[in-house]
Each structure stands twice: as C-alpha cells, then as structure tokens.
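These notes concern the structure reproduced below.
Values quoted throughout were computed directly from the atomic coordinates according to the rules given, and no laboratory measurement underlies them. Bear in mind that the values here come from a model prediction, so they are computed numbers and not experimental data. Neighbour counts run over all protein chains shown; Cβ positions are idealised from the backbone, glycine included.
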Amino acid sequence: MIVSVGILYAALDLLELVSKTSGIDQKFPEMFRTFSVASPKITLDFAQRCGWVKFNVDGYLELTPRGSDLLELKQTEVALRYQIADVIDSYSPSWGPLLSRGRIESLQYLPIDIQQCLREAGLLGQIDDSIIGWWDTVAEATRKSVSEAKLRIGRIGERLSLNYERQRTGTEPIWQSIESNLCGYDILSVREPGSTSRLCIEVKTSNSTPGASTCHLTRLEWEVARTSENFAFHLWALQPKPTLYIADAESVSASIPDDKGDGHWESVFVSFAGILKRLMPMQAGS
C-alpha cells in the first residue's frame, strides 16, 4: 500500500460522508470516478484495513468506534497523526521500524510520501509534548513489531533445525527454548544415531543471504557454548533458500569480545560472513 497525504485526506472525507449519509453499500466504488483526490476503491479498502469503517449486517457502510473517534478530532494535524499511527499498526509497513531511530535519523531513509505525511501532520515542526508523545508511542510500537518479527524468524530456524536433527539422528530432539529461554541453547539432541551423549544446539537465524546474515549472541549462550562438552551452533541463512551451517565454539570465538577493566559484555552482534569462510553448508532446505 502506497500511503500519501492524498489518501489520508480522502479517507477523512469518506468518514465524513459515511457519518452524514445512510445507505452506502458495496457499490460505493462505482458511484465516483474519483473520490476526493484518490480512487474510491483504494480509499474504501484503505479505510476498512485501518479499521475506520465497516459494512454492517445489512450490507451498509458505517463508522467503527475508531472511525468515530477519528472524525471527532477537530484539528486536521491531530487527525493525520492518528491516521499515520493506525497505518503503521494495520499495515506494518517496511518504513515503520525506521521511525524508532528518531526524527532526524529516520528522515534520511523514509519515502518522500511518508515524509510529506509527517510534515503535514506537524510531526516535523517545533517540538512540544504532544509531538514527543507521538514519536515515543510509535517508536515503542515499531520496536515491539521488530522484536516479534525476529522471534518469528528465530522460530523458523529452530523448526528447521528440529527437522534436520530428526533426519540426522533418527531421534526426536527436545525443543528446549519452548520450555525455557534460560538454558543457553535452543535444542537438545544427540551426537549421532543411537548415541545417548547429548548435544546442545543454539540456533541463529537470519532472513538474508549467508554473506549478509547477522545475529546477536548473549553472554549466557557463549558461556554454555564454550564450557559444554558437546555444543553446536546452527546458523540458518533463509535467503535465497534455507541453508544451514554448523559451527563449533572455536569457529565463533574470533567474534567474541574480551572483558576489559570494569567492562563486562552481555551480548555481541555477530556477522555470519567471517564464520562461514571456515565452514561448508550442511543442508539446503526448501
């Protein structure tokens, strides 16, 4: 969905029309060649997706509670701010996480149309409490969205590793991270088919190509890795297709920082690239 100032204003006009007109049904897009400054179909779909209007049981368009609240906002700038926040919540646009970087930093990367929306909503002008509150709220929401996305990607890698270990060992591995995330590893398997010797596996997953893949490694994960008798890292790069690299602690050690003075590291950002130079892909999944 391409978001612009025009579609935001068209949606507000649609809310105004619905509030004053009864009997608007599914044929609404056929009633206008253009609506406000946008396509009537796009405007309707947009307003529905954002949760501002809906069709009732009789098939007629009506305002939702959120749409009514939006329409009651008398200041256009404030209404636009609510709309932009709803767009982020409803569409999870690729530019949404950029807003958590702050005004100046995010503007370097935001699409021109989004910059214009923010400017029209008064969000790029002189700072006041309401503007600070908007940026803080959106930043918190987008950070949560990014965190949820990372969790989903991580679970994809863990499922791939579970399947890999089933095929490799003929034994059902234990999905440890589902039970507890304080163990320092994600999967408990065995070293080889028929073995009772346990193998701890920490899974790291990136939705990128192998050379561009990165991950975060916590202090706990590293302590378990370097002190365990049997430990492996499963590094999954999901693009262009899921590919697994298996690394031991020694292969990862060059990426681990040292504690110095009173400093004590808790997590480290690791690039797959340096590690993969010493490894061969074990499996390409589909």
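If contacts are Cα pairs under 8 angstrom and at least 6 residues apart, what is the relative contact order of the stretch 99-237 in percent?
In percent, rounded to a whole number, it is 18.
Computed on the chain, with alpha-carbon pairs under 8 angstrom and 6+ residues apart, the relative contact order is 11 percent. Placing +1 on the Cβ of every Lys and Arg and -1 on the Cβ of every Asp and Glu, with no other charges, gives the chain a dipole of roughly 840 debye about its Cα centre.
Shape of the stretch 151-284 from its Cα gyration tensor (a ≥ b ≥ c, root eigenvalues): rounded if a/c is under 1.5, otherwise prolate when a/b > b/c, or oblate? Oblate shape, in that a/c is at least 1.5 and b/c is the bigger or equal ratio.
Each peptide in 27-33, 77-83, 216-222 receives the mean, over its residues, of other Cβ atoms within 10 Å, and ordering these scores from highest gives 77-83, 216-222, 27-33.
In summary, the lysines within cross-link reach of LYS150, defined as a Cα separation below 23 angstrom excluding same-chain residues under 8 places away, comprise LYS204, LYS241.
Relative contact order of the stretch 5-125, please, whole-number percent, based on alpha carbon pairs below 8 angstrom and at least 6 residues apart. Relative CO of the stretch 5-125 lands at 24 percent.
Screening the chain for DSSP H helices whose Cα atoms reach 20 Å or more along their own axis and whose mean Kyte hydropathy is at least 0.5 gives 5-20.
Once a ≥ b ≥ c are taken as the square roots of the eigenvalues of the Cα gyration tensor of the chain, is the result rounded (a/c under 1.5), prolate (a/b larger than b/c) or oblate (a/b not larger than b/c)? Judged from the Cα gyration tensor, the chain comes out prolate (a/c at least 1.5, a/b above b/c).
Reported to the nearest whole Å, the Cα centre-to-centre distance from the stretch 109-142 to the stretch 193-210 is 42. In this structure, the amide hydrogen of THR209, modeled 1.01 Å from its nitrogen in the peptide plane, lies closer than 5 angstrom to those of GLN239, counting only residues at least 5 positions away or on a different chain. Summing charges over neighbours of ARG159, with a neighbour being any other residue whose Cβ is under 13 Å away from its Cβ, gives 0 when K and R count +1 and D and E count -1. DSSP beta bridges confined to the stretch 151-284 are antiparallel in about 70 percent of cases.
In order along the stretch 98-107, phi translates into HN-Hα couplings of 4, 5, 5, 7, x, 4, 5, 5, 5, 4 Hz, rounded to whole numbers, per the Karplus curve 6.51 cos²θ - 1.76 cosθ + 1.60 with θ = phi - 60° and x for Gly and Pro.
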